[in-house]
Amino acid sequence: MNTSEHKNHKQHEDHSGHNHDDIISSVLGSRAEVIFAGLAGLYLLTGWLGPKMSILPNSIGFGLIIGAYFFGGYFALREAFGKILKGQFQIDFLMLIAATGAAILGEWAEGAFLLFLFAIGHALENYAMARARNAISALAELAPDEALVRRGNQTETVAVEALVLGDIVVVRSNERLPADGFVIKGESAVDQAPITGESAPVDKHPVENADLAAGNPGSLAPETRVFAGSINGSGSLEIQVTKLSGDTTLARVVTMVSEAETRQSPTQSFTKKFERMFVPFVIALAIVTSLAFLFLNESPADSFYRAMAVLVAASPCALAIATPSAILSGVARAARGGVLIKGGAPLEALGHLNAIAFDKTGTLTEGEPRLVEIAPYIEISEETLLEVSAAVETLSDHPLAQAVVRDAKARLGRVPDGASEFTSITGRGVAATYQGQIVHIGKPSLFEEVPGVPLPVDLAAKVDAMSADGRTTMIVRQGDRYLGAIGLMDTPRPSAKGVIVRLRETGVTRMMMISGDNQNVANAIAKEVGLDEAFGDLMPDDKVTKIKALKAEGGVVMVGDGVNDAPAMANATVGIAMGAAGSDVALETADIALMADDLETLPFALGLSRATTRIIRQNLWASLGVVAFLIPATLFGLGIGPAVLIHEGSTLIVVFNALRLLAFKNDRMGHDQALEAEGAL
């Protein structure tokens, strides 16, 4: 479903998902139930007070109360009838029986009062649930309906559905972007918060080669990639379209979040099974209660009235809405914060788990090596070591060589040239001529193979120490003179350490890394960011085996990039993919997708899931507690009116308690508030 289709796909639903698309709803719109409930109350009040105050004759008053029955019971009767045809006897059916019973007893006003309260409560429930659904639907409204397209020398405004791959879209300052693509002209800061949840605008600039980018849009750098629905800053941009309107990241998020409501959590499944068993039990209890006059000293009418009150008291309305309202609100709030949660099952599961396994490269680390240690040998300066190393490595296209050149340039202010006769010695290092001498750069094993002075013992010891700290080391020798060693490392993300601390404060007790890198590297990164354990030297199959073992120990969350880690994430209790915006694989494979390539949203996702779990628990206890109170209370004489008031009140409390999740804060303050709330429970 593309965004425009979603905008037109409006339907009014009750808490059980029943469709209200009929003539009355089409005329009155989404307020039909509220209007009918209001009319029921007006007819009831006029029909009851009129005759009592001698303003209306009894016949007209009775007619008005009959009208209150119609307006109060219309939607409940239609829904109950639809369910009966499917063999389901649920909540609406119980209310109608109770109202019918009151009429049989001659208590027409009380029956109308019951239907009025049920109708107004039902309408308010739907209104509150619609707020949560609207939070999801609002995502679809982010993308504009039209785009300014440059085709040849002409520009024209077209509907976003008419855009084709390769179109050039012109986006002026402060406009919303109409399509996914990459920048080919202009520079600007783009607010991607609606898509990725990033708090600060992201600077964008053109790609170097548009044809190359169009051929492989999945490899676009974040600073060149843009998304439909994000907001342009002060500069103008020209964007080449890479996805049709129905396939944009925004459109897919809207579809997945909308579908998430149908993916039930374990608690939802349990309450539905409980409801299916409980409703027949309530009917049986009411029948037995209606026969109480055979054993008690009371009239059949009193027993029947008590039975109707029991029907009202035992109707599990609050229980039926308790979990779906919390799940829907949680999923909607997550989507607004740049986190895609695919239904109640992963949202609820994440709220219970206390163990997290991280992939290393690109998840905890930045995903590219950096020059982190320079160790000149005796009487050699750092500048000389870097100059010779960079001069030779400029001739190599290896990622480690590029990292040396990049960081040496940052330190020296220049990139030395003049090296020649470059040779790559596979698996061990490189050689080249520089300043008239042969330069060798590589592993210790390289210097055991090539002619020349052997590796000094003290330098070898230094290299071993660097390796033990997780460095990828390179020894540099120019002619017969050893210049020293340099160490590279894929460095942790700046936010990683703080995120780990926040996760611990949220209640995570075990955090570990699983990596294909050697154990020393894994240990070094784990120690630096504050993890409990590190498992290195793991092949992809080994990662899956490790995740399965952790899952068997009580469940585990796997956080990765969604591509290389897909098998491990699929086998985890909950798989979380980072940087999912623009990645089809990540969106499809993960249970939860962090749209931004940023660990900072992980504590938000975990905190929100914890809050959702707490609210589900609160709602279940509240709804079951009210039923547990009302059943004996009505058996011992509580009337239908008070029972309805308490019953409908508890349902509304449950719904509005769930709606608090829509205001969950995606910041440190919200995190601290969540902790305080948890401590108060």
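The values are calculated or read from the model by the stated rules, or taken from the named source; none is laboratory data. Fair warning: this is a prediction, and the values are worked out from it, not measured in the lab. No Cβ is skipped: glycine too gets one built from the backbone with ideal geometry, and neighbour counts run over all protein chains shown.
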Taking segment 482-506, which residues are farther than 28 Å from Ile378 by Cβ and in a strand (DSSP E or B)? Asp490, Thr491, Pro492
Limited to segment 307-337, what total is found for residues that are surrounded by fewer than 24 Cβ atoms within 10 Å (Cβ to Cβ) and charged (D, E, K, R)? 1
Whichever residue in segment 338-352 is buried (at least 22 other Cβ atoms within 10 Å of the Cβ) and not β-branched (Val, Ile, Thr) and, among such residues, is nearest to Ala403 (Cα to Cα): Gly338
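Can you name every residue in segment 382-424 that is among the β-branched types (Val, Ile, Thr), in a loop (DSSP other than H, G, I, E, B) and under 44 Å from the mean Cα position of the chain (by Cα)?
Restricting attention to segment 382-424, the residues satisfying the condition of being among the β-branched types (Val, Ile, Thr) are 384, 388, 392, 394, 404-405, 415, 423.
Add one more test, that the residue is in a loop (DSSP other than H, G, I, E, B), and what stays is 394, 415.
Answer for segment 382-424, where residues must be among the β-branched types (Val, Ile, Thr), in a loop (DSSP other than H, G, I, E, B) and under 44 Å from the mean Cα position of the chain (by Cα): just Thr394.
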Please give the number of the condition Asp517 fails out of (1) in contact (Cβ under 8 Å) with a residue 40 or more places away in the chain; (2) under 22 Å from Thr426 (Cβ atoms); (3) under 48 Å from the mean Cα position of the chain (by Cα); (4) not in a loop (DSSP other than H, G, I, E, B). (4)
So Ala468 clears everything in (1) within 15 Å of Ala375 (Cβ to Cβ); (2) modelled with pLDDT under 90; (3) out of contact with any helix residue (DSSP H, G or I) (no Cβ under 9 Å at 6 or more places or on another chain) except one condition, right? Which one? (3)
Selection from segment 232-258 of residues under 17 Å from Asp145 (Cα atoms), at pLDDT below 90 and β-branched (Val, Ile, Thr) yields Thr248, Thr249, Val254
How about segment 540-641: which helices (runs of 4 or more DSSP H) wholly inside it have at least 3 residues that are not hydrophobic (A, V, I, L, M, F, W, C)? 540-552, 584-589, 601-635
Scanning segment 353-377 for residues that are over 30 Å from Val405 (Cβ atoms) and of a type in the set (Gly, Ala, Ser) gives Ala355, Ala357
From the set of residues in segment 259-291 that are surrounded by 13 or more Cβ atoms within 10 Å (Cβ to Cβ) and outside any helix (DSSP H, G or I), which is modelled with the lowest pLDDT? Glu261
I'd like the full set of residues that are assigned to a loop (DSSP other than H, G, I, E, B) and within 25 Å of the chain's Cα centre (by Cα), limited to segment 166-200. Leu177, Pro178, Ala179, Asp180, Gln192, Gly197, Glu198, Ser199, Ala200
Residue list for segment 162-197, restricted to those being surrounded by 15 or more Cβ atoms within 10 Å (Cβ to Cβ), in contact with a helix residue (DSSP H, G or I) (Cβ under 9 Å, 6 or more places away or on another chain), modelled with pLDDT of 90 or more and over 11 Å from Ala228 (Cβ atoms): Phe182, Ile184
Verdict on Val556 being of a type in the set (A, V, I, L, M), surrounded by 21 or more Cβ atoms within 10 Å (Cβ to Cβ) and assigned by TED's automatic domain parsing to the domain that holds Asp598: yes
For segment 288-311, indicate whether the set of residues that are in contact (Cβ under 8 Å) with a residue 40 or more places away in the chain and among the polar types (S, T, N, Q) is non-empty. yes
